[in-house]
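Step one of this worksheet: look at the structure below.
The values are calculated or read from the model by the stated rules, or taken from the named source; none is laboratory data. Everything numeric in this text was worked out from a predicted model, so none of it was measured. All Cβ positions, glycine included, derive from the backbone under ideal geometry; neighbour counts span all protein chains shown.
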Amino acid sequence: MSSGLALQTEPAPVIACTVSRNVHRFDLLIEDMEAELGEGWGDLGFEEARAFLQQPEADDLVFIALAITSEDEADVGLLGEVIRTAKTRGIRVILVADGVSPATLHQLLRLGADDFLPYPLSDGALHDSIERIKTMAADPGAAADATPKGAPNAKPTMEGQGAVFAVQNLAGGTGATTFAVNLAWELATVDKKKPPSVCLMDFDLQYGSVATYLDLPRREVVVEFLQDAHTMDVDAFKQALVGYGDRLSVFTAPPEILPLDIMGPAEVEAIVNLARQCFDIVVIDMPRSLVVWTEAVLSRADIFFATMELDLRSAQDAMRFIKALRAEDLPLEKVQYVLNKAPGGMDLTGKGRIKKLAESLGVEIKIHLPDGGKQIQQAGDNGQPLAEAFRKNPTRKEIAKLAQGLHQAMVADLRASK
């Protein structure tokens, strides 16, 4: 009898839990949890987790892996409660997301999630995330040290011959922010020997997601800057920027939703002027709506890119956009139309539809971006430009060619002016 007792071992303490609607939806996560923790982990549903995390039995937990899909976005309030409850107990939260929108990801990260992993998980991703949260637990200052640094100390190299490029979304979901982020990065890296200094500005004050696409913090100082831009100087402007890598400076949207009229044409003019003083190239991601200061940006922009897709919705919105600009006698010649998810070169039917769309609008559609597939979303979820995440992606290649052409034109203008 005693020998039988001697063979028994204490069960491994549960130090982690997956929290999901259906953990079997995340088979790769199950495999990685077993590989990392053996039997030292469990699984809970959302409601179960909210109750369990308030019990003394949760004292041994080191972290939870909150695994969600797009179907769970409707329950973002409940997910937020789980995160907040875990954080009050000192339990780290790893967010594992499959097909979740950038806006929801940003909201959950702001509520306190410590790390984010896109699903399907890449090899070693969970292991690396666990090591990061161990470091955070051992050294709370490590998380602050990992925060992206301030804007690169770049200086204009094009002797005042820089440019302003704005990007306007003509219909929801046509890839304007993806285009703006990747155009800015391609321009910032277009010349290895003498790269232009580039500033990417998110003027969508309500739902701007440039910070999410590049995994950057949003600074409270942006709100103050927007309200008093006409009194700010270059040093104040630089304080409002954050840096991505050592090449790109970013003026993010504010942390909270603000009315689009919090700044007027005068403030916009002042901000763009400061940006042009500090950088060779300024790329502005515009809000979906036309606002009182859209004219100010259009007037200052060298090129005003308008993104659309090959569907009736985009065609109708593009027609209304064109009519609005004509009614105000605004410079339509600055607008270049960007067709996202354009048909391939061998699709003759698609080519015919593009021609018919352009003729119906009375415009030329010169920029055709091929469909980049799921890699577009994955790069955004990873907080990386396409050039870093999926260099061979067809959308990335087309944006890189466009950036090269724009840079070459700027260099030619600089030489001609001398």
**Asked** Within the range 181-199, which residues are in a helix (DSSP H, G or I) and either at positive phi or not acidic (Asp, Glu) (or both)?
**Response** 181, 182, 183, 184, 185, 187, 188
**Prompt:** Is it true that residue 126 is within 23 Å of residue 22 (Cβ to Cβ) and more than 19 Å from the chain's Cα centre (by Cα)?
**Reply:** yes
**Request:** Restricting attention to strands (runs of 3 or more DSSP E) lying wholly within the range 13-121, give those where 3 or more residues are within 30 Å of residue 213 (Cβ to Cβ).
**Result:** 16-19, 63-69, 92-98, 115-118
**Request:** Tell me, yes or no, whether the range 256-263 has at least one residue that is at pLDDT below 95, within 28 Å of residue 413 (Cα to Cα) and in the same structural domain as residue 170 (by TED's automatic domain parsing).
**Result:** no
**Request:** Quick one: which helices (runs of 4 or more DSSP H) lie wholly within the range 323-418 and hold at least 2 residues that are of a type in the set (D, E, K, R)?
**Result:** 348-361, 374-382, 394-417
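Considering 178, 212, which residue is modelled with pLDDT of 95 or more, closer than 27 Å to residue 390 by Cβ and not in a loop (DSSP other than H, G, I, E, B)?
After ruling out the rest, the residue left standing is 178.
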**Asked** Can you name every residue in the range 86-121 that is over 20 Å from the mean Cα position of the chain (by Cα) and surrounded by fewer than 21 Cβ atoms within 10 Å (Cβ to Cβ)?
**Response** 87, 88, 89, 90
**Asked** Does residue 315 fit the bill of being more than 28 Å from residue 163 (Cβ to Cβ), surrounded by 15 or more Cβ atoms within 10 Å (Cβ to Cβ) and touching a residue at least 24 places away in the same chain (Cβ under 8 Å)?
**Response** yes
**Request:** Could you pull out the residue among 341, 356 that is over 11 Å from residue 315 (Cα atoms) and either exposed (fewer than 12 other Cβ atoms within 10 Å of the Cβ) or not β-branched (Val, Ile, Thr) (or both)?
**Result:** 341
**Qualifying positions in the range 191-207 - surrounded by fewer than 24 Cβ atoms within 10 Å (Cβ to Cβ) and more than 12 Å from residue 248 (Cα to Cα)** = 191, 192, 193, 194, 204, 205, 206, 207
**Asked** So residue 243 clears everything in (1) modelled with pLDDT under 95; (2) outside any strand (DSSP E or B) except one condition, right? Which one?
**Response** (2)
